[in-house]
Amino acid sequence: MSKSNSLKNDVFINLIQNLKDQQLNSLKSIASQILKQIKYIEDIETAKRQLANGNGLHLYEILEQIEKDLISVALMKAGGNQTKAARLLKLNTTTLNEKIKRLKIDYR
């Protein structure tokens with residue numbers, strides 16, 4: 001095999017590996033969001049049971065968590081672009097940015 005063909009093979013192998021890594025990272029991100037949504041559903045069900053049993057709950061904490069989860073999902077769908085995420089949430093970009101800071105959402 002010539003050096004030229006060997007170099008092309010190496011470049012091709014590196015390209016395939018990079019694509020695999022990108023796909024794996026995308027799948028990890030999707031899996032993480034699915035797990036967050038499952039936890040969200042479980043938390044809502046727990047809150048419903050607490051109310052049904054006559055126990056109190058912290059409404060503001062629950063609403064804050066819902067807000068944080070929805071913003072995280074929008075940011076994921078928007079590829080981390082705050083302007084696109086704000087459009088999805090029908091918010092001003094500055095409002096979304098303030099919420100990201102206040103809720104300490106790490107999306108990068």
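For R102, the accessible area of its heavy atoms, probed at 1.4 Å with every protein chain present, is near 130 square angstrom. List the relative contact order of the chain as a percent without decimals, with contacts defined as Cα pairs under 8 Å and 6+ residues apart. With pairs under 8 Å counted, the relative contact order is 17 percent. In the context of the full protein assembly, T46 retains an accessible surface of approximately 60 Å², using a probe radius of 1.4 Å and ignoring ligands and nucleic acids. When the alpha carbon gyration tensor of the chain is reduced to an equivalent ellipsoid, its three semi-axes come out at 42, 19, 8 angstrom, largest first. S72 contributes an accessible area of around 20 Å² to the protein surface, as traced by a 1.4 Å probe with all chains present. Against the main long axis of the alpha-carbon atoms of the chain, helix 59-77 sits at an angle near 20°. With a Förster radius of 35 Å applied to the beta-carbon distance between K48 and I105, the computed FRET efficiency rounds to 0.85.
The values are calculated or read from the model by the stated rules, or taken from the named source; none is laboratory data. Predicted model only: the values in this text are computed from it and were never measured. As a convention, Cβ positions derive from the backbone with ideal geometry for all residues, glycine included, and neighbour counts pool all protein chains shown. Calculation scope for accessible area: heavy atoms of the full protein, side chains included, ligands and nucleic acids excluded. Shrake-Rupley method; radii C 1.70, N 1.55, O 1.52, S 1.80 Å.
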